[in-house]
1. Ordering Asp45, Asp229, Asp159 by how much accessible area each has at a 1.4 Å probe, largest first, what is the list?
2. Counting only residues 5 or more places away or on other chains, whose amide H sits under 5 Å from the amide H of Phe148 once H atoms are built in the peptide plane?
3. For Arg140, what residues show an amide H to amide H distance below 5 Å, using hydrogens built from the backbone and excluding near sequence neighbours?
4. Against the globular-protein guess of 2.2 N^0.38 Å, express the Cα radius of gyration of the stretch 114-240 as a ratio, rounded to two decimals.
5. Convex hull over the alpha-carbon atoms of the stretch 123-166: what's its volume per residue in Å³?
6. Restricting to DSSP H runs of at least four residues, report the calculated mean residue ellipticity at 222 nm for the chain, -39500 (n - 2.57) per run over all residues, nearest 500 deg cm²/dmol.
7. Any chance you could list the semi-axes, whole Å, largest first, of the equivalent ellipsoid that the Cα gyration tensor gives for the stretch 1-128, using √(5λ)?
8. Between Leu33 and residues 5 or more places away or on another chain, which pairs have amide H atoms under 5 Å apart, with H built 1.01 Å from N, and which residues are they?
Amino acid sequence: MTERKQFNFPNEMPAISIQACSAPSITVDCCELRWWFAEPKLGTDVAYAMYEAASPAPLISVKRLQAIGMAEIHGVEAVELLVTEENRANPTEQIQWHMYARLNPHSVEWLATVVSSGGKKIFYTFRDSTFVVDWGEIARKLVDNGRFQREADGYAMQDRGAKSASGAGMYTVQIGEQRYTCLRVLDIDDQPTAYDTLVEAFIDPAGRTVLCRRYNGRLYPHQRGQAWDEVYPHNQRMKINGVTFVHWYDCLPSFVFADVAANSQS
């Protein structure tokens, strides 16, 4: 049985509505490996579906993360997570690899990844010079500290000590008939350019990511060699410090679909 069938992800993304709301701003304690929907603790078993930002929005792939045991990386204890990836174009073929991470009192930290290539395993750990850039450590606490200020055509980003992700208002996210009141989070480099990426996510009071949306700068590398606003001329745009980012795909976790199914049966 494939992961897509097991978690009952539909072949097209359900209707999503996102509206700013007047709910009091919240501080969330997000224990997830950011934008992977999974907490590094034993018992974790979560999947999420990736949908292209189009109309209709087709299913692109499914990823599942399962905590399968404990490990030690250079003397540091970590949770071992098995990552299983399934591409919709070939649902019978799955890719599996491992990540290792831990939950700290104030942060979530990746310690290593292990992938197989050419018949051998490749280890990438926190002792490698570029690991902290690619994976690294992230703060659990997320709050709207005014870093993103609304402008007529987007947002101006202020320097308020944040490294990447900060709150940007309270929103109601409706997926099917299910509604969530969430802190909206924007994750972007401090000095954005047209070659960078942007993540817009919505996190509920329990610290669960309900929806994660990926945007690319116009000149972010594309396999066709085109600008992203040319490839997706009708997709939503967002401007940060005057730089235009183009909506590429959405990710929804398995618990959201379970909530939607339960709501429809009640």
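The values are calculated or read from the model by the stated rules, or taken from the named source; none is laboratory data. It should be emphasised that the depicted structure is a prediction, and the values quoted were computed from it without experimental measurement. Methodologically, a virtual Cβ is constructed for each residue, glycine included, from the backbone with ideal geometry; neighbour enumeration extends over all protein chains shown. The protein model used for the area step is the full one, side chains on, heavy atoms only, and it has no ligands, DNA or RNA in it. Shrake-Rupley method; radii C 1.70, N 1.55, O 1.52, S 1.80 Å.
1. On the way: Asp45 75, Asp229 35, Asp159 145 Å².
My answer, sorted largest first, is Asp159, Asp45, Asp229.
2. Here the answer is Gln158, since their amide H atoms fall under 5 Å of that of Phe148.
3. When sequence neighbours closer than 5 places are left aside, the close amide H contacts are Ser107, Val108.
4. For the stretch 114-240, the normalised Cα radius of gyration comes out at 1.25.
5. Working: hull volume 4.5 nm³, N = 44.
Once divided by residue count, the hull of the stretch 123-166 is 103 Å³.
6. -2000 deg cm²/dmol
7. They are 28, 23, 12 Å, listed from largest to smallest.
8. So Leu33 has HN proximity to Ala38, Glu39.
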